[in-house]
Amino acid sequence: MTQAPRHHGQLLDLVHRPARDLRISVTDRCNLRCSYCMPFDHYVWIDKKEILTFEEIARLARLFIDLGVGAIRLTGGEPLVRANLDVLVAQVAGLPGLNDLSLTTNGVFLAETVDALAAAGLKRINVSLDTLDPNRFRQITKRGDLEKVLSGLFAAKRAGLHPIKINAVIERGVNDGDILDLVEFSRAHGFAMRFIEFMDVGNSNNWKSERMVSKADILAVIHARFPLREVGRAQGTAPSVDYEFADGQGDIGVIASVTEPFCSNCTRARLTADGKLVTCLFSETGHDLKSWLRRGAADEDLRQFIRGVWSNRNDRYSEERLEALYSIEGYQSRDRKKIEMISLGG
Ligand code: SAM
Ligand code: SF4
Ligand code: SF4
């Protein structure tokens with residue numbers, strides 16, 4: 001096969017945002033049932049034959065890189081329920097032009113997979129962990145075993161992954177009392193905490209603004225115990241606003257999608273497990289890239305499809321939500337039928 005030329009001009013959307021990051025959902029399936037994400041016992045999963053193969057994912061990843069993507073995150077659903085994920089990591093990590101490959105996982109299967117993932121080229125990882133209390137962990141995740149996540153985190157450290165970030169979604173009345181425990185734990189072990197405002201992603205998590213703990217409230221709790229200095233957003237565009245501890249022992253970040261939306265700098269494309277290109281976390285539909293792929297489209301046809309979708313993008317859902325939250329009518333999360341987080345790749 002002839003190698004496609006590597007530079008295809010900068011791809012910009014309608015408000016001049018480039019496609020710089022790609023989040024790839026490798027499966028919609030998950031072994032947990034987090035209350036803020038997929039709270040129901042049963043879901044209708046994507047038919048296995050509709051799920052992209054590793055070769056298909058790696059090909060699409062290469063085409064996105066041609067169009068300017070430099071960072072790829074593998075996610076889900078739970079990416080580690082997909083067998084042999086290290087094989088995909090090796091295929092993607094070796095793509096010329098990729099600067100950053102990461103994985104977001106709930107950590108349950110991390111201890112037994114992390115050595116193979118690191119050997120395949122994974123350098124860093126985000127592990128979701130909302131509490132260090134085993135009972136509350138079980139309450140939030142329904143099926144999870146905290147010990148397995150902790151041993152996964154320490155195995156990732158032994159395997160040399162860096163940074164290891166811990167993502168915690170903070171929900172009022174559920175784990176807002178766990179913020180300092182998580183900070184102390186991450187400082188003690190060299191992990192980087194990332195707190196996330198509870199978002200109204202999908203339709204099933206019964207989101208209400210009262211259940212969301214704002215960035216300002218999260219920071220106030222931490223700052224009172226561990227004084228912080230603002231560092232800002234990495235590259236000026238990252239979703240997380242970062243802070244370092246005044247005593248120099250590590251840093252934390254807060255992703256304030258609700259109270260401080262960052263749509264104007266959003267450079268993130270998403271690929272669902274069944275090959276749909278999604279331009280916003282709150283989209284109602286995706287664009288069916290897989291059909292083209294499986295009909296035998298050439299690389300340039302697929303790039304043209306991606307260009308067509310991205311160049312028509314004007315999403316700014318979180319900014320619209322904030323405007324609505326402050327409006328007289330208020331904001332009703334269920335007004336539109338969004339794609340569920342498990343299909344999207346958070
Ligand atoms: N299963 C993996 C995990 O939990 O890390 C990867 C997929 S999960 C959908 C990706 C991230 O989305 C997790 O860090 C999770 O905490 C976050 N997330 C899920 N639902 C959310 C919500 N309603 N608000 C904010 N973040 C959410
Ligand atoms: Fe599964 Fe991750 Fe969603 Fe929890 S946040 S239900 S682990 S996909
Ligand atoms: Fe990007 Fe959509 Fe989130 Fe705005 S709401 S930051 S456009 S994913």
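What lysines does LYS157 reach when the alpha-carbon gap must be under 25 Å and sequence neighbours fewer than 8 apart in one chain are set aside?
Within the straight-line limit of under 25 Å, LYS157 reaches these lysines: LYS123, LYS148, LYS165.
Of SER318, LEU180, ASN99, which is farthest along the charge dipole of the chain in the positive direction, counting Lys and Arg as +1 and Asp and Glu as -1 at C-beta?
Checking the options against the dipole of the chain, the answer is ASN99.
Putting +1 on Lys and Arg Cβ atoms and -1 on Asp and Glu Cβ atoms, find which of THR53, THR131, GLY250 reaches farthest to the positive end of the dipole of the chain.
THR53
Could you work out the equivalent-ellipsoid semi-axes for the stretch 94-224, taking the square root of 5 times each eigenvalue of the Cα gyration tensor, largest first, in whole Å?
27, 16, 16
What accessible surface, in Å², does a 1.4 Å probe find on MET199, ignoring ligands, DNA and RNA and rounding to the nearest 10?
30 Å²
Remind me, what semi-axes does the chain give for its equivalent ellipsoid, largest first in whole Å, using sqrt of 5 times each Cα gyration tensor eigenvalue?
30, 24, 20
Place a +1 charge on the Cβ of each Lys and Arg in the chain and a -1 charge on the Cβ of each Asp and Glu, then give the dipole magnitude about the Cα centre in debye, rounded to the nearest 20.
Dipole of the chain, to the nearest 20 debye: 640 debye.
How much of ASP315 can a 1.4 Å solvent probe reach, expressed as accessible area in Å² and rounded to 10?
40 Å²
In straight Cα distance, which aspartates and glutamates are under 15 Å from LYS290, not counting same-chain residues fewer than 8 positions off?
ASP47, GLU50, GLU55, GLU56, ASP274, ASP299, GLU300, ASP301
So what J values fall out for the stretch 10-21 if you push phi through Karplus, 6.51 cos²θ - 1.76 cosθ + 1.60 with θ = phi - 60°, rounded to Hz, Gly and Pro as x?
6, 8, 10, 8, 5, 10, 6, 8, x, 8, 10, 10
Which value, in Å² and to the nearest 10, is the accessible area of GLU55 when all protein chains are kept and the probe is 1.4 Å?
Approximately 110 Å² for this residue.
Report the dimensions of the stretch 225-275 along its three principal axes from the alpha-carbon atoms, largest first, rounded to Å.
46, 23, 20
Sort HIS42, HIS162 from largest to smallest accessible area, using a 1.4 Å probe on the heavy atoms of the protein chains.
If we order HIS42, HIS162 from most to least accessible, we get HIS42, HIS162.
Net charge near LEU11: determine it from the other residues with C-beta under 11 Å of the C-beta of LEU11, scoring Lys and Arg +1 and Asp and Glu -1.
Local net charge: +3.
So for the stretch 234-314, considering every pair of alpha-carbon atoms, how many percent are separated by more than 22 Å?
Counting every Cα pair in the stretch 234-314, those more than 22 Å apart make up 44 percent.
Heavy atoms only, probe 1.4 angstrom, no DNA, RNA or ligands counted: give me SER264, SER128 ranked by accessible area, highest first.
Greatest to least solvent exposure: SER264, SER128.
According to the Kirkwood expression over distinct Cα-Cα pairs, how big is the hydrodynamic radius of the stretch 165-286, in Å?
Radius from the Kirkwood sum: 15.6 Å.
When the accessible area of the stretch 213-309 is split by element with a 1.4 Å probe, what percent falls to carbon and sulfur?
Percent of accessible area from carbon and sulfur atoms in the stretch 213-309: 51.
Just to check I understand the Karplus step: with θ = phi - 60° and J = 6.51 cos²θ - 1.76 cosθ + 1.60, what whole-Hz values come out for the stretch 280-285, glycine and proline as x?
Along the stretch 280-285, the couplings run 7, 4, 10, 5, 8, 9 Hz.
Can you give me the accessible area per residue for the stretch 111-199, using a 1.4 Å probe, in Å²?
40 Å²
Grab the DSSP H runs of the chain that are 4 residues or longer, score each as -39,500 (n - 2.57), total them, divide by all residues and round the 222 nm result to the nearest 500 deg cm²/dmol.
So the calculated ellipticity at 222 nm is -9000 deg cm²/dmol.
Could you give me the percent of Cα pairs per 5 Å distance bin for the stretch 144-219, shortest bin first, beginning at zero and ending with the bin that holds the maximum distance?
Final binned percentages: 3, 14, 21, 22, 16, 13, 8, 2, 0.
Averaged over every viewing direction, what's the projected area of the C-alpha convex hull for the stretch 1-145? Give it in nm², one decimal, please.
So the Cα hull casts an average projection of 10.8 nm².
May I ask you to order 59-66, 183-190 by the average number of other C-beta atoms within 10 Å around their residues, highest value first?
In descending order of packing, they fall as 59-66, 183-190.
Please give every one of the aspartates and glutamates within straight-line cross-link reach of LYS215, meaning a C-alpha to C-alpha distance under 16 Å, and leave out same-chain neighbours fewer than 8 residues apart.
Those aspartates and glutamates meeting the cut-off are ASP130, GLU171, ASP176, ASP178, GLU197, ASP200, GLU230, ASP242, GLU244, ASP251, GLU260, GLU319.
For the stretch 26-97, how big is the tail of P(r) above 19 Å, as a whole percent of Cα pairs?
Result: 42 percent of Cα pairs exceed 19 Å.
The values are calculated or read from the model by the stated rules, or taken from the named source; none is laboratory data. Fair warning: this is a prediction, and the values are worked out from it, not measured in the lab. Please note: Cβ atoms are built from the backbone with ideal geometry, for glycine as well, and neighbour counts cover all protein chains shown. Surface areas here come from the heavy atoms of the whole protein model, side chains and all, with no ligands, DNA or RNA. Shrake-Rupley method; radii C 1.70, N 1.55, O 1.52, S 1.80 Å.
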